[in-house]
């Protein structure tokens, strides 16, 4: 590492996409005056993107993995290789507003209880709208369905500054871009690699909150994201991962009695989703839900190991966690009651 004053390691998990990666790195280095060290974790790319980085960005450290370990595995390799107090997890399909990293660092350093902070995420394709993947900070209902300030289910809002001063504590920061305290990520056990992709950041940050720390958003820091570049929004595999990982997260992170209360209702909600999918003939969604439930049934040992890990970390009761969650079903609110905006669900 060339800079003795480097505090931040930027970790970019990558799988193919030479042009998006070139855009990302160019924007990254143009957007900050901080001394940063960048690690590109390559998930066995098959294009010329790694060769491009070696020629055009020789300052970037490249970790070449022998197989595609997914977002979770790639990030974990990067965090384990980092030697700085802070790590910035960053998708390779992003560009950035000048000064954004400085703002995130300032937010993190303003309060020792904040472990993770994300910027405002806007759509690369539709610059005036929030990005689907995390908008202006992530939230979740008690049944494990995530949403965000600026995105409820499929509805994405136009950014009118409506969440800029809303509040700064959120439930999860999007893996698209967040700055975190390296030591706390490691103590929390890093990303669960069994997730492969999708919701692993929510699971990790749930554990971090059980350890007594907070998750924050800094809306003045802005990142534009090509949402769905790696796995499209309608990808059957993405639908499956979202359903499976949500179930796994609930079973791992709630205490036993809370799980007995929450989980049967969640299964009922999944059956309702199956019914709607049958009406719509959404066969990909039907297969995703069935496959997710089947996977859960086949992996009781993994679930027990995750529960033991969470128990060893826990310093906060579930009541405090549930106070931070939406006490209802965000899916029912969206599909049955037409709640399209975050401010609507507060009514």
Of everything in the range 273-316 that's assigned to a helix (DSSP H, G or I) and touching a residue at least 60 places away in the same chain (Cβ under 8 Å), which residue is nearest to residue 212 (Cα to Cα)?
313
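The rows are residues; the columns are (1) surrounded by fewer than 23 Cβ atoms within 10 Å (Cβ to Cβ); (2) touching a helix residue (DSSP H, G or I) at 6+ places or on another chain (Cβ under 8 Å); (3) at pLDDT below 95; (4) closer than 16 Å to residue 220 by Cβ.
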site	(1), (2), (3), (4)
85	yes, yes, no, no
95	yes, yes, no, no
103	yes, no, no, yes
107	yes, no, no, yes
112	yes, no, no, no
137	no, no, no, yes
158	yes, no, no, no
162	yes, yes, yes, yes
Tell me which residues, restricted to the range 141-178, are under 12 Å from the mean Cα position of the chain (by Cα) and assigned to a strand (DSSP E or B).
146, 147, 148, 172, 177, 178
Qualifying position, being touching a strand residue (DSSP E or B) at 6+ places or on another chain (Cβ under 9 Å) and more than 21 Å from residue 198 (Cα to Cα), among 275, 333, 338:
333
Checking the structure you have, find out if any residue of the range 182-199 is part of a strand (DSSP E or B), touching a residue at least 12 places away in the same chain (Cβ under 8 Å) and over 12 Å from the mean Cα position of the chain (by Cα).
no
Is it the case that residue 221 is within 26 Å of residue 156 (Cα to Cα), out of contact with any strand residue (DSSP E or B) (no Cβ under 6 Å at 6 or more places or on another chain) and buried (at least 19 other Cβ atoms within 10 Å of the Cβ)?
no
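Please work out if residue 54 is touching a strand residue (DSSP E or B) at 6+ places or on another chain (Cβ under 8 Å), assigned by TED's automatic domain parsing to the domain that holds residue 198 and under 27 Å from residue 116 (Cα atoms).
no
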Exactly one of 283, 295 is more than 24 Å from residue 141 (Cβ to Cβ) and in contact with a helix residue (DSSP H, G or I) (Cβ under 9 Å, 6 or more places away or on another chain), and that one is 283
Could you tell me whether residue 69 is at pLDDT below 95, surrounded by 13 or more Cβ atoms within 10 Å (Cβ to Cβ) and at negative phi?
yes
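The values are calculated or read from the model by the stated rules, or taken from the named source; none is laboratory data. All figures in this text were calculated on a predicted structure; none of them were measured in a lab. Every residue, glycine among them, receives a Cβ derived from its backbone with ideal geometry; neighbour counts consider all protein chains shown.
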